[in-house]
Amino acid sequence: MTANTLLVTVDSLRYDHYKYMERTREFLGDSHPAAFATITATPGSFQSIIGGIYPGEVGIDADTTVVPSIDNEYKLGISTNRFLSERYGYTIGFDDFTEPSREEEGIKDKVARHMNPKSTLYGVASRVWNVVQSVQGTVGEVGREYRAADDVVEEFLTKTDGRDDWFGWLHFMEPHHPYNPNDAPVSRSEAQQISRRVLDGRGSERDNRIAQQLYRGEVEELDRELARLWDSIPEDTRVVFCADHGELIGEDGQWGHHKHLLPGILRVPFATRNVPVESDVVSLVDVPSYLAGEDFGQGRLDREVAFAAQSGRQAAMNRDHIATDEGVRTLDGDPADDPQLARAQQEFTGSGERPVSKDDLPHDDLEALGYL
């Protein structure tokens, strides 16, 4: 019988915060030291993680998804991110797939029904509403802006109970902004306000300090919820765990994850169980190859250089350095010299297509995830 296979993806998890996931590290071991995103935003990253391609036009299709190539009988996906949904092709190959609901309308959604979501007026109105929320908080009871990890784990364990041969893909939004863990040092409303202020570049020193605590709290909370998952799956389950990109949490005054090709965003945690990894370097475009057990798409089981692109810029990464248009740095961000990697960075062309930008994506999904 084929061993069960589990892909766990985490939104916006920094490499250097994987160390705070004690139970996950106990189960999976340390992260690969040189694993990298192919782009700095979710829509493109998952074209690599599931499709085995470098980011280009939004979404995947039946010719690119790795899911049909995974040799398990029952295939279950649970997504907490609207970019990972049927709209973008991610349900292809699954027997059962749960995605975030688009049925519940917030105030901005109701306004959008009476206004063109791609219009300048709508964009201005949306930004004004975000500022109002960041200053005053939301009206009424404040809850999570995405499905919590404990609920995802519960659904997965319920649906795989009694099944002997399954592939599961679970995507968790913790620690994606707004950072608001259950045990935050401030109320959830204030935590969300602080998150919005720092992401807008309007945070005080106190805001920045608390936001860093909140981000770490989200990581630790996710780890506690994942402990139940690790305790419940069979010992021989093949597990691949990774983030779609990292996050800036105050470096040089920067917050978030889709503006710059920097080590804090490009370097991601990547760990496995019962899936051998011998390559010096891992790219997210290689994830389908590890799931399928052979080279898939543009991914490889063995590589020396990984690549990324964002907003017309590109980067090349090896086991020691990251090369961008600004020069070569170590994985910790210090200046370095690596002429061979610098040449590879200049020569990278990726898929030959322009990576998707915010302008290419539906405004309702961008808005729901806090990007408008």
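The values are calculated or read from the model by the stated rules, or taken from the named source; none is laboratory data. From a predicted model like this one, the values you see are computed outputs, not experimental measurements. Glycine also receives a Cβ, built like all others from the backbone with ideal geometry; neighbour counts cover every protein chain displayed. To get the accessible areas, we keep the full protein, side chains included, count just its heavy atoms, and leave off ligands, DNA and RNA. Shrake-Rupley method; radii C 1.70, N 1.55, O 1.52, S 1.80 Å.
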Hey, any hits in the stretch 30-45 for a residue that's in a helix (DSSP H, G or I) and of a type in the set (Ser, Thr, Tyr)?
yes
For the structure I just gave you, tell me whether Glu104 is open to solvent by 10 Å² or more (accessible area, probe 1.4 Å) and modelled with pLDDT under 95.
yes
Residue in the stretch 10-55 that is least open to solvent (accessible area, probe 1.4 Å), counting only those that are of a type in the set (D, E, K, R) and over 19 Å from Pro263 (Cβ atoms)
Arg23
For the stretch 162-186, which residues satisfy the criterion of being surrounded by fewer than 19 Cβ atoms within 10 Å (Cβ to Cβ) and in contact with a helix residue (DSSP H, G or I) (Cβ under 9 Å, 6 or more places away or on another chain)?
Asn182, Asp183, Pro185, Val186
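Listed here are the residues, each with its yes/no results for (1) of a type in the set (Gly, Ala, Ser); (2) at pLDDT below 95; (3) out of contact with any strand residue (DSSP E or B) (no Cβ under 9 Å at 6 or more places or on another chain).
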position: Thr158; (1), (2), (3): no, no, yes
position: Met173; (1), (2), (3): no, no, no
position: Ala211; (1), (2), (3): yes, no, no
position: Tyr215; (1), (2), (3): no, no, no
position: Leu222; (1), (2), (3): no, no, no
position: His260; (1), (2), (3): no, yes, no
position: Ile265; (1), (2), (3): no, yes, no
Top-ranked residue in the stretch 1-29 [being of a type in the set (Ser, Thr, Tyr) and part of a loop (DSSP other than H, G, I, E, B); ranked as farthest from the chain's Cα centre (by Cα)]
Thr2
Out of (1) within 19 Å of Arg238 (Cβ to Cβ); (2) open to solvent by 10 Å² or more (accessible area, probe 1.4 Å); (3) in contact with an Asp or Glu (Cβ under 6 Å, 6 or more places away or on another chain), the odd one out for Leu76 is which?
(2)
Index of the failed condition, Thr272 passing every other in (1) within 14 Å of His32 (Cα to Cα); (2) free of Cβ contacts under 8 Å to residues at least 24 places away in the same chain; (3) polar (S, T, N, Q)
(2)
Taking the stretch 291-319 and keeping residues among the aromatic types (Phe, Trp, Tyr) and under 18 Å from the mean Cα position of the chain (by Cα) leaves Phe307
Inspect the stretch 312-327 for any residue being surrounded by fewer than 24 Cβ atoms within 10 Å (Cβ to Cβ), of a type in the set (A, V, I, L, M) and at pLDDT 95 or above and give the result as yes or no.
no
All helices (runs of 4 or more DSSP H) inside the stretch 204-305 with 2 or more residues being surrounded by fewer than 20 Cβ atoms within 10 Å (Cβ to Cβ)
205-232
Every residue in the stretch 46-75 that is free of Cβ contacts under 8 Å to residues at least 40 places away in the same chain, part of a loop (DSSP other than H, G, I, E, B) and more than 24 Å from Pro269 (Cβ to Cβ), please.
Gly59, Asp61, Ala62, Asp63
Output the residue which, of all residues in the stretch 330-350 that are small (Gly, Ala, Ser) and over 16 Å from Val305 (Cα atoms), is modelled with the lowest pLDDT.
Gly333
